[in-house]
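In what follows, a structure is listed as C-alpha cells, so that the remarks can point back to it.
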Amino acid sequence: MLKFPKEKLKEIIVKEGFLKPEEFDRLDEEAGRKQQNVADILISQGLITQEYLYGLVAKALGFERFNVNIQKIDEAVLNIIPEEIARRYRVIIFNRELSGILDAAMEDPANIETLEFLEKRFQAKFKPFLATEEELNRGFALYEAKLAKDFKQVIEESVQKSMHSRSTGLEQAASELPIVAILDNLVSYAISSRASDIHMEIMENDFIIRYRIDGVLHEALRIPKEIHPAIVARVKLLSGLRIDEHSRPQDGRFRYKISGDLMDVRVSVMPVFYGEKVEMRLLPAAQKPLSLEDVGLLPNMVAVAEENFKKTYGMFLVCGPTGAGKTTTLYSVLSILNKPEVNIVTIEDPVEYDMRYVNQTQVNVAAGITFANGLRAILRQDPNVIMVGEIRDEETASIAVQSALTGHLVLSSLHTNDAATAIPRLIDMKIPPFLTAAVLNAVIAQRLVRRIHNDCIESYTISEAEEATIRKQLVDLGINPDNFKFSRTFYRGKGCMADNFTGYLGRVGIFEILNVTEEIRKLIIDPELSLDAINKKARENGMITMFEDGLRKIELGLTTLSEVLRVIRE
C-alpha cells in the first residue's frame, strides 16, 4: 500500500492533469467507503499506471525509486535483516554502497521511526528507496532458500520427537508440541512459498506433502506414515471437525497468523484407501480484489466486459474448470459495481473474499441454505446485483434466469471448457433456448497460466516445431494460420533462486469473451443449435479465442507457449 499524504497526492495528480479536483475527491470518497487506499483506486480503474504513480511520488518525496528489474538484490546483504523483521517493517536490503551505507527498499521511505529502529538495531546507515508491494514480495521470496533448509530440519526434529510420544489418544497427540510444530511449519512454509493449496496424501508406505504453486503441484517432503493420524487429527481440531469420524468427508476452516498477516485456511478431509486425505486451500484474509487489468484482461476485452456487466439486468457468466480464477474475476467485477447506489448480494460456497458493503451469504446445507434457497431469499432483499458463486443444478439455474429476466444483474460461474459451451450447458439444465438467448449478456471463459519471472526473462526465436504447433492449434480452432500473424520472437524465464529455478513467478489469465449480440441470440434459438456456428459468428464479430489471447500474452513477454498449450489442452 502506498504511504503518502492524501492532499499531497491530490496536488500531484491534479497538477499532472490526470484528474480534476472534484474527480479526485469523488474517488477518495469511494476509497474511504471501500476502506481502500485512494492510490489503489486510481491504479485499479486504469487512471494511472502503478510505475508512473510511484515515480511521481518518489520525486515528490525526494527519494529514489527501487526497480527490481534494474537494481538487483544482493543476496549477501539481504540477510543482514532477518526475514521476520523485513516482513514486519516492509523493508528489503538490496545493496551495500562502498561507503558502507545500506540501500533499503521500503513501502514508506519517509517513515523516520522505522529508519531509526533499523539504524539502531543493525548499527548501520540506511538509504531508503521507494518500492511497491510486489517489488518487496520478490525480495521476500529470496529468503525461501534458507527457509527450505530450516523447514526440513525442523520437520525432521519434530517427527523424531512425535515418534517417541506416549500419547494415549488422537486428541492428546494432536495437542502435543511436536505435532503442533509440524503443522505450523507445513502451513507457514506453504504461505512463504506462495502455495495456494496443501495436499496431505496417505499412501501404502508414505505420507506425502505436496504444494500447489502457481497452479502446479510440487512434492515438498515425505513423512513417516505413523504420524499421519495425529497430523490429520490436528487439522480437524483446528477446523472444528470431528476427530473420531473417519468414514465420511468433512469440511471446515481455521485462521492462521504469520508475520502479522492473517490467512484463512479452508479444509477438506476425505477418506481414501489407506486413511484420510487432507486438502487445505490458503486464502489471504485481507485479500483485495484485483482490477480487470491485473487479472489479465487486455484493454479491448475490458471494454467488452464492462459494456455487459454494467447493464442493469441480464446474466454475466465466467466459465472454466476448478482453479481457473473464476471467483477472482467475479470479484474484480463486483469491486467495479460496488457503489453507494447499488445493493449487491451474494450466495457463495465458500465466501473467499470479504468485500465491504457487499452482503455475502455462505452456503450451509445443514442449516438449509443451498444456492437455490439462498437465491430465493436474496430476491426478497431488493438487490440490484446478485452473485451466485456457481450454477450447479437445474433449480439454481432456473431461479438465476428468472432473476435476470426481472430487472436484476446476475453474475455467476459455470464449469465449461469455453465460452460458447455455456449455452448448451444452460439448455441442458432445462433452461429453454429462448430464455437463454434473452438473459445472456456475455460469457467469459478463462484459464490461468504461469507468468514469466521478469528478473530472469530472456527472448528467443521460435523453432520450426513450435511454429508448426501454433499453426496446428489455430487450424483446430477453425482459424486459417496463413491469415494469422504472430511474432517469431518469444520469451521464457531462465530460472533463478527467487522462482525456485522454474522461470515463473505468479500467474495471469488468458480469456475469451462471447459477446451475446442479436446475431448470436438468433443462433441460440435456432432448432439446429450449432456451437461451430456460434463460434464462427462470434469470431466474425471480433471474439478472440483463449489461444489467441495466450499468443498475445506470449508476445508481450507475460507467459510461454508451453504454458498456454498446457492449460488449453488440459
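Numbers below:
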read-out	value
Selection count where residues are closer than 23 Å to L2 by Cα, part of a loop (DSSP other than H, G, I, E, B) and over 28 Å from the mean Cα position of the chain (by Cα), scope the stretch 65-104	1
Some residue of the stretch 90-98 being open to solvent by 50 Å² or more (accessible area, probe 1.4 Å), closer than 23 Å to L505 by Cβ, modelled with pLDDT of 85 or more and not polar (S, T, N, Q)	yes
Close pairs from the stretch 495-517: first farther than 21 Å from L290 by Cβ and in contact (Cβ under 8 Å) with a residue 60 or more places away in the chain, partner open to solvent by less than 10 Å² (accessible area, probe 1.4 Å) and in a loop (DSSP other than H, G, I, E, B), Cβ under 7 Å, at least 6 apart	A498/H453; L514/A419; L514/A420
Qualifying positions in the stretch 325-376 - in contact with a strand residue (DSSP E or B) (Cβ under 8 Å, 6 or more places away or on another chain) and part of a strand (DSSP E or B)	I344, V345, T346, I347, E348, N359, Q360, T361, Q362, I369
Residue tally, condition more than 26 Å from the chain's Cα centre (by Cα) and open to solvent by 10 Å² or more (accessible area, probe 1.4 Å), over the stretch 394-424	10
Tabulated pairs, the stretch 442-459, first at negative phi and hydroxyl-bearing (S, T, Y), second in a strand (DSSP E or B) and open to solvent by 10 Å² or more (accessible area, probe 1.4 Å), C-beta under 8 angstrom, 6+ apart or interchain	S459/T489; S459/Y491
Conditions (1) under 23 Å from the mean Cα position of the chain (by Cα); (2) surrounded by fewer than 17 Cβ atoms within 10 Å (Cβ to Cβ); (3) farther than 24 Å from P229 by Cα; (4) among the charged types (D, E, K, R); number of the one not met by R255	(3)
The stretch 523-570 - residue that is assigned to a helix (DSSP H, G or I) and without any contact (Cβ under 8 Å) to a residue 40 or more places away in the chain and, of those, surrounded by the most Cβ atoms within 10 Å (Cβ to Cβ)	L523
In the stretch 482-497, the residues that are of a type in the set (S, T, N, Q), open to solvent by less than 80 Å² (accessible area, probe 1.4 Å) and either at pLDDT below 85 or not in a strand (DSSP E or B) (or both)	S487
Count of residues meeting criterion [in a loop (DSSP other than H, G, I, E, B) and in contact with a strand residue (DSSP E or B) (Cβ under 8 Å, 6 or more places away or on another chain)] in the stretch 377-432	13
Residue identified as assigned to a strand (DSSP E or B) and out of contact with any Asp or Glu (no Cβ under 6 Å at 6 or more places or on another chain) among A442, A437, A465	A442
Sole residue being closer than 24 Å to N454 by Cα, surrounded by 15 or more Cβ atoms within 10 Å (Cβ to Cβ) and modelled with pLDDT under 90, chosen from F140, F129	F140
Residue match in the stretch 15-26 (condition: under 30 Å from I457 (Cβ atoms), assigned to a helix (DSSP H, G or I) and open to solvent by 30 Å² or more (accessible area, probe 1.4 Å))	no
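The values are calculated or read from the model by the stated rules, or taken from the named source; none is laboratory data. A quick note: this is a predicted structure, and the numbers were derived from the prediction, not measured. A quick note on method: Cβ atoms are made from the backbone with ideal geometry, for glycine too, and the neighbour counts reach across all protein chains shown. Accessible surface is based on the protein model in full, side chains and every heavy atom, while ligands, DNA and RNA are left aside. Shrake-Rupley method; radii C 1.70, N 1.55, O 1.52, S 1.80 Å.
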